1. Can you work out the base-10 log of I(q)/I(0) for the protein assembly as shown at q = 0.13 1/Å, using the Debye formula on its C-alpha atoms alone?
2. What ranking of B:VAL141, B:VAL97 emerges when the number of other C-beta atoms within 10 Å of each C-beta is taken as an exposure proxy, fewest first?
3. Search the structure for amide H atoms under 5 Å from the amide H of B:GLU77, placed 1.01 Å from N in the peptide plane, and list their residues when 5 or more places away or on another chain.
4. What are the ³J(HN,Hα) values, in whole Hz, obtained from phi via the Karplus relation 6.51 cos²θ - 1.76 cosθ + 1.60 with θ = phi - 60°, for each residue of segment B:20-36 in sequence order, with x given for Gly and Pro?
5. Rg and Dmax of chain A, using alpha carbons, in Å: what are they?
6. Where does the Debye-calculated log10 I(q)/I(0) of segment B:80-136 sit at q = 0.17 Å⁻¹, using only Cα point scatterers of equal weight, no solvent?
7. How much of the calculated P(r) for segment B:53-118 lies past 16 Å, in percent of all Cα pairs?
8. When only Cα pairs under 8 Å and 6 or more residues apart are kept, what is the percent relative contact order across chain B?
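Coordinate-derived values only; no laboratory data. None of these values were measured; they are calculated from a predicted model. Neighbour counts are summed over all protein chains in view; Cβ atoms, including those assigned to glycine, are modelled from backbone coordinates with ideal geometry.
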Amino acid sequence: MVRIKIILFASFKELLNCSEIEQQLDNGTTIHSLCESLASRGETWEMVFSDADKTIKVACNQQMADMSTVLKEGDEVAFFPPVTGG
Amino acid sequence: MQVTKQIIITDEPLDISGLNRNIQSNQGESGASVIFTGNVRVSDEEQDLTGMTLEHYPGMTESLLDEILVQAIDRWELTRVLVAHRVGHLSPGEPIVFVGTCGLHRKEAFESAEFIMDYLKNKATFWKKEHYSSNGLKRDVWVESKQSDLDAIERW
């Protein structure tokens, strides 16, 4: 098992009323399978995470990452919508 | 050529005059400087806008901005680059972002400032939420990213 931290930003944080989750995962879990498991937490979670490949930006340890990334012990995974600064 | 770069992310109002002085007095051997300021729009279209809140991803935002500045320094002959970005609550008319560049010639300074802004809008982990009030009804809207901003980096 590996233990990771999930962080949510902006509209995701607000919609899900959640900014941070600590989670235990099986070894070899990818970000894609993490999204599937998050989508099963409830209706709003499904809305945010069911089509994650297309609609969500994801960073692992503060570097942009893709869905095939395999998660390791202590990773910080952040999910957020496209950025709108400037 | 020696280059200095600086990144400021703050929840305090941006002191545009001070940032401009910072750029003008640290030009080094460059012959041109360009400054850009982006503000919370005040227009008929946004007449019910009462303000906005800017959120960011501390740590990641700084490193993404640093990457953008490093790319600009690689690409143009610059002596100084500075980016300042507000977070927290902002009122209409307040500055959101300041970019200052000093280049050997004006072309370097202009192009690098545009490059930095185009990349900042597409890559840096900031999110805007707009606050509106109309006839006593308040509503908040998360700003969505624009295709025109995505297209803007294609030219670089």
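1. Log-scaled intensity ratios, in q order: -0.87.
2. Working: B:VAL141 13, B:VAL97 22.
Fewest to most other Cβ atoms nearby, the residues stand as B:VAL141, B:VAL97.
3. Amide H neighbours of B:GLU77, under 5 Å, 5+ apart: B:LEU104.
4. 5, 4, 4, 5, 5, 8, 10, 6, x, 8, 6, x, 8, 9, 10, 10, 10
5. Over chain A's Cα set, Rg and Dmax evaluate to 12.0, 40 Å.
6. -0.67
7. Numbers: 1063 of 2145 pairs.
Across segment B:53-118, Cα pairs with separations above 16 Å total 50 percent.
8. Numbers: 301 pairs, mean separation 50.5, N = 156.
This gives 32 percent for chain B.
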